[in-house]
1. Go through the stretch 133-171 and give me each residue that's β-branched (Val, Ile, Thr) and open to solvent by less than 40 Å² (accessible area, probe 1.4 Å).
2. Given the conditions (1) loosely packed, with under 15 Cβ neighbours inside 10 Å; (2) under 28 Å from ALA147 (Cα atoms); (3) at pLDDT below 85, which single one is not true for GLY81?
3. Give all pairs with beta carbons closer than 7 Å in which a residue from the stretch 46-65 that is modelled with pLDDT under 85 meets a residue that is aliphatic (A, V, I, L, M) and open to solvent by less than 80 Å² (accessible area, probe 1.4 Å); count only pairs at least 6 apart in sequence or on separate chains.
4. Residues that are buried (at least 17 other Cβ atoms within 10 Å of the Cβ), at least 2 per element: which helices (runs of 4 or more DSSP H) completely within the stretch 1-73 meet that?
5. Out of the residues in the stretch 123-132 that are of a type in the set (S, T, N, Q) and open to solvent by less than 40 Å² (accessible area, probe 1.4 Å), state the one that is nearest to LEU57 (Cα to Cα).
6. Can you list residue pairs whose Cβ atoms sit under 9 Å apart, with the first residue in the stretch 92-103 being of a type in the set (Lys, Arg) and the second being open to solvent by less than 10 Å² (accessible area, probe 1.4 Å) and modelled with pLDDT of 90 or more? Count only pairs 6 or more apart in sequence or on different chains.
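The values are calculated or read from the model by the stated rules, or taken from the named source; none is laboratory data. Note that this is a predicted model, so its numbers are computed, not measured. Glycine also receives a Cβ, built like all others from the backbone with ideal geometry; neighbour counts cover every protein chain displayed. Each accessible area value is taken on the protein alone, full model and side chains, heavy atoms only, with ligands, DNA and RNA left out. Shrake-Rupley method; radii C 1.70, N 1.55, O 1.52, S 1.80 Å.
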Amino acid sequence: MDVIAAEAAATKPTLYARFGSKERLFEAAVEREYELRKARLFEAYAGTEPEAFRQRLHHWSSAYFDLVAERPDAFVLIAEGERHPAAAAIIKRANDEIVDRIADLVGRISGSPSRRGARLVGTMISGIFTACAREVVIGGDIELTDAAALCESFLYSALRGVDPDLIEAVG
């Protein structure tokens with residue numbers, strides 16, 4: 001609470017008056033970070049310019065890893081939040097929204113009408129981005145630009161090789 005109060009230029013009593021408890025403050029911080037993440041990613045996903053898939057993926061990857069570079073502490077906060085039931089519920093809800101948006105993109109790009117298959121691919125994409133970001137931020141000995149480039153290259157190669165019939169087969 002002391003660190004948060006100092007960062008917010010507020011007193012601990014002010015924080016307790018506003019949030020009631022450390023747990024509620026933590027939940028509010030996690031929710032705020034996910035709202036920022038969603039806003040940034042959804043803006044990137046909404047691009048209306050007709051781009052080749054490689055450029056689209058680069059645009060999405062850049063938006064994600066730029067956010068990691070700007071807010072590394074947010075990724076640590078969210079990782080911590082997964083161990084707290086109320087914050088974990090916030091993370092799950094927000095991540096589901098991100099995965100659903102990615103699934104919409106997968107469906108549009110692949111031409112597959114399979115919602116469940118597109119959502120599974122969206123979950124994989126989200127998981128790969130998250131794992132790369134955590135490895136850099138929490139592990140600390142990998143350059144973010146290198147990890148971002150590898151992540152993007154891996155996803156591009158993997159997604160180019162996905163059999164659309166397998167997306168359909170999932171249902």
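1. Taking the stretch 133-171 as the starting set, the residues that turn out to be β-branched (Val, Ile, Thr) are 136-138, 142, 145, 162, 167, 170.
Across the stretch 133-171, the qualifying residues are VAL136, VAL137, ILE167.
2. Status for GLY81: all satisfied but (1).
3. Here the result reads PHE53/ILE109, each pair linking the stretch 46-65 to a residue that is aliphatic (A, V, I, L, M) and open to solvent by less than 80 Å² (accessible area, probe 1.4 Å).
4. Numbers: elements: 2-8, 12-19, 22-45, 53-70.
Counting at least 2 such residues, we get 12-19, 22-45, 53-70.
5. So the residue we want is SER126.
6. Short answer, once both residue conditions are applied: ARG101/GLY122.
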